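Participant: If you scroll down you'll find the structure; I have some questions about it.
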Amino acid sequence: MLATQTAVPIPDPLSRPSNAPEHCPGVESEFAGKSSACEGCANQEICASSTPKGPDPSLPLIRERMSNVKRKILVLSGKGGVGKSTFTAQLGWAFAADEDVQTGIMDVDICGPSIPTILGIANEQVHASRSGWSPVYVQDNLSAMSVGFMLPSARDAVMWRGPKKNGLIAQFLKDVDWGVLDYLVVDTPPGTSDEHLSIAQLLKDSGIDGAVVVTTPQEVALQDVRREIDFCRKVGIRVLGVVENMAGFVCPNCKGESQIFKPSTGGAKRLAEDMSLELLGSVPLDPRIGKSADYGVSFLDEYPDSPATTAYLSIIRRLKEILGDA
Amino acid sequence: MPTHPPQTPVARRLKHIKHIVIVLSGKGGVGKSSVSAQLALSLHASSPTARVGVLDVDLTGPSIPRMLGLDGHGVHQSSDGWVPVYADGRSARLACMSVGFLLKRREDSVVWRGPKKNAMIRQFLGDVRWGELDYLVIDTPPGTSDEHLSLLEHMAPVHDRLSSIIVTTPQAVALADALKCLSFTRAVNLPVLGIIENMSGYVCPCCGEISNVFSTGGGAAMAETERVPFLGSLPVDTDLVTLLDAAEPDAGIEEPAEREGDAFAVLERYQKTSSAKLFKDVVGTVIQTMSRVG
């Protein structure tokens, strides 16, 4: 009944024809055979003659796979480094705290996957079986999939243009044996480009329950976040609310609070008001959050008394209410 | 390197640019744009005649206009190509170009897949009237994807003084991505001038205690194991964050004649920050190392 009858080989993200030129756009690229790097390449003719792509054949397979997933939530932010992956992981851990709830985390940041490190499973590998690629399990009811599990070493760079990234995202949705899930949380890279368009298009039929938009308080971040919200509206993704990270820093020495990233234009609160969105909450900057992420442990479990934990949990509670799962 | 580079529009423009530095980082939000802005300001201040350009190829998240106080400016068309926006007004020694200058409304999202981004980058390199530049600083989005490959594809065949700087924070997650970035530069034969560790410690304004908000020391350690020069650690400087975040277009920019010498508002304010002093050393090393590239 599942999408694949035989084991789907796990791709080597670094594979290119062995005789490819230095800037080979990749055989899957729209530029395959046409880029300047292709001139003189032995494969040029084969690449250039590939037939144009019709309607995406993976869509029905994705629909079937995703029919077992109750809620699909995207974690977005226009800006990088605001804490998307950290929030995704906390969300995963918080959902999975209920042992009857099955949660999956999908990392579509192909060039900078952080989820394996943050979940403490950086050295794991993906295995292929008859029912698809097995995700990596953090605990019985929390699984994850990331390109990070497919690289021979953490230092390897995935130098892919859009089309190949899109191809892998489609495979994450159709070839991964997620099983029956209550929540699938999708962590995205910064920006509004291939990955975002692909996930929106590929999940359109199955339905995305909504997106959580993460920001930090300074205007440079808010600018990008406004663009991300504009993107959500353009493609018809419901924004569940805004999370403000790194809001205020409490000095461990004098307990005085200061603003590292000043909300010079009113921060996330003002942004949420201006764009008629709900501010789900503000999480203060606690250096132990970053440290927990580096060590791959759950911040919520390690530091249950931190004000940041209280903030995270209240945000997650509110999210469940909005989704009608409270 | 070909002896006679092909006469593409990109080649014709880049012929007049002495050094090109690409600012990279695997991870987002580590301070690429703020390092790019600081690099441009410091290079501008490094000599009374230095001519500097900043190209922002973060097409879906351009931050350079705001950081240099140029939000709301537009690009003009001239018979010789697009006129960049000058941060220093009439002296015209600090030229900027960003997709942010092309948007009608700041909050418009640029929702583009790779091929359109590639075309835009080609236009930025071929159609912008940079004129003679000593330095072109290129700010990039995070990752190692379309924008980075396009830059290299267009520039490497026609310019031989191309180099890069890798920005990271001390956190393991950022260092892991910085390593990927380094692998990228090796794969495409792009010289690395060095690694900058950003957000290395934060000084509490109340008690002066240094907190390693995002850990510390990882950048230097990585530079050592990877045998790449370490350019320096920059602590979190709230004055700089505020300056780069709130730098509103200054009325004086339109009429720089009223100002003394070549200084302009953003540069004046920047030079008062503690980061500017630290960055001066970074730029000293950068200029030295750069002269050996190519």
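Participant: Work the Kirkwood hydrodynamic radius out for segment B:9-293: mean of 1/r over every pair of different alpha-carbon atoms, inverted, in Å.
Facilitator: Kirkwood hydrodynamic radius for segment B:9-293: 19.0 Å.
Participant: Here's another thing I want to ask about it. Could you tell me whether the protein assembly as shown comes out rounded, prolate or oblate from its Cα gyration tensor? Rule is a ≥ b ≥ c as square roots of the eigenvalues, rounded for a/c under 1.5, then prolate if a/b exceeds b/c, otherwise oblate.
Facilitator: It is oblate, given that a/c is not under 1.5 and a/b is not larger than b/c.
Participant: Can you figure out the FRET efficiency of A:Cys254 with A:Gln125, using R₀ = 51 Å and their beta-carbon distance, to the nearest 0.05?
Facilitator: Approximately 0.65, to the nearest 0.05.
Participant: For chain B, what relative contact order do you get, as a whole percent, if you take Cα pairs closer than 8 Å and at least 6 residues apart?
Facilitator: 25 percent
Participant: Just tell me which lysines come within less than 26 Å, Cα to Cα, of B:Lys18; anything on the same chain fewer than 8 places away is out.
Facilitator: Hits, sequence-local ones excluded: B:Lys32, B:Lys117, B:Lys277, B:Lys280.
Participant: Calculate for chain B the 222 nm mean residue ellipticity that helices alone would give, adding -39,500 (n - 2.57) per DSSP H run of length 4 or more and normalising by residue count, nearest 500 deg cm²/dmol.
Facilitator: Per the formula, -11000 deg cm²/dmol.
Participant: If we count other beta carbons within 10 Å of each Cβ, what is the order of A:Trp178, A:Trp133, fewest first?
Facilitator: So the ranking, lowest neighbour count to highest, is A:Trp178, A:Trp133.
Participant: Next up: Hey, which of these cross-link pairs are over 28 Å Cα-Cα: A:Lys269/B:Lys116; A:Lys70/A:Lys234; A:Lys164/B:Lys104?
Facilitator: Pairs exceeding 28 Å: A:Lys269/B:Lys116; A:Lys164/B:Lys104.
Participant: Using a Gaussian network model of chain B whose springs link C-alpha atoms within less than 10 Å, name the residue from B:Ala45, B:Ala265, B:Ala221 with the highest mean-square fluctuation.
Facilitator: B:Ala221
Participant: Out of all DSSP beta bridges with both ends in segment B:9-293, state the antiparallel percent to the nearest 5.
Facilitator: Restricted to segment B:9-293, the bridges split so that about 20 percent are antiparallel.
Participant: Next up: If I model a spin label at B:Asp80 and B:His16 as a point 7 Å from the Cα along the Cα→Cβ vector, what separation in nanometres do I get?
Facilitator: The two pseudo-label positions are separated by 0.4 nm.
Participant: Okay, helix-only estimate at 222 nm for chain A: each DSSP H run of n ≥ 4 adds -39500 (n - 2.57), divide by all residues, round to 500 deg cm²/dmol; what do you get?
Facilitator: Dividing the helical sum by the residues of chain A leaves -9500 deg cm²/dmol.
Participant: Grab the beta carbon distance between B:Glu224 and A:Glu64, set R0 = 35 Å, and tell me the FRET efficiency rounded to 0.05.
Facilitator: Efficiency at R0 = 35 Å is approximately 0.10.
Participant: By count of other Cβ within 10 Å, fewest leading, how are B:Thr49, B:Thr216, A:Thr188 ordered?
Facilitator: In increasing order of surrounding Cβ atoms, one gets B:Thr49, B:Thr216, A:Thr188.
Participant: Among B:Tyr86, B:Tyr270, B:Tyr202, which comes first, then next, by fewest other beta-carbon atoms within 10 Å?
Facilitator: The order, fewest Cβ neighbours first, is B:Tyr86, B:Tyr202, B:Tyr270.
Participant: How far, in nm, would the chain grow between B:Arg90 and B:Gln123 when pulled straight, counting 0.36 nm per residue and subtracting the alpha carbon separation?
Facilitator: 9.4 nm
Participant: Here's another thing I want to ask about it. With a cut-off of at most 11 other beta carbons within 10 Å, and DSSP calling the residue loop, which trypsin sites (Lys or Arg not before Pro) in segment A:123-227 qualify? Please list them.
Facilitator: A:Arg130
Participant: Further question: Please compute the average number of Cβ atoms from other chains found within 10 Å of each residue's Cβ in peptide B:21-29.
Facilitator: The per-residue average across the peptide is 5.
Participant: Excluding the sites themselves, what is the longest stretch of chain B that contains no trypsin sites (Lys or Arg not before Pro) in a DSSP loop with at most 13 other C-beta atoms within 10 Å?
Facilitator: B:106-226
Participant: Here's a follow-up. On average, how many beta carbons from a partner chain sit within 10 Å of the beta carbon of a residue in B:186-193?
Facilitator: Partner Cβ neighbours, averaged per residue: 2.
Participant: For a quick size check, give me the Cα extents of segment A:59-323 along its three principal axes, largest first, whole Å.
Facilitator: Extents along the principal axes, in whole Å: 57, 38, 37.
Participant: State whether segment A:122-209 is rounded, prolate or oblate according to the following rule on the C-alpha gyration tensor (a ≥ b ≥ c being the square roots of its eigenvalues): a/c under 1.5 gives rounded; otherwise a/b larger than b/c gives prolate, and the remaining case gives oblate.
Facilitator: oblate
Participant: Say the cut-off is 23 Å between C-alpha atoms; which of A:Lys291/A:Lys320; A:Lys165/B:Lys27; A:Lys79/A:Lys291 go over it?
Facilitator: A:Lys291/A:Lys320
Participant: Compute the distance in nm between two label points, each set 7 Å from the Cα along the Cα-to-Cβ direction, one at A:Glu321 and one at B:Asp239.
Facilitator: Rounded to a tenth, the inter-label distance reads 4.4 nm.
Participant: Give the average, rounded to an integer, of partner chain Cβ atoms located within 10 angstrom of each Cβ in A:287-294.
Facilitator: 5
Each reported figure results from applying straightforward, stated rules to the coordinates on display, with no laboratory input. If you're wondering where the values come from, they're calculated on a predicted model, not measured in any experiment. Cβ atoms come from the backbone with ideal geometry, glycine included; neighbour counts cover every protein chain shown.
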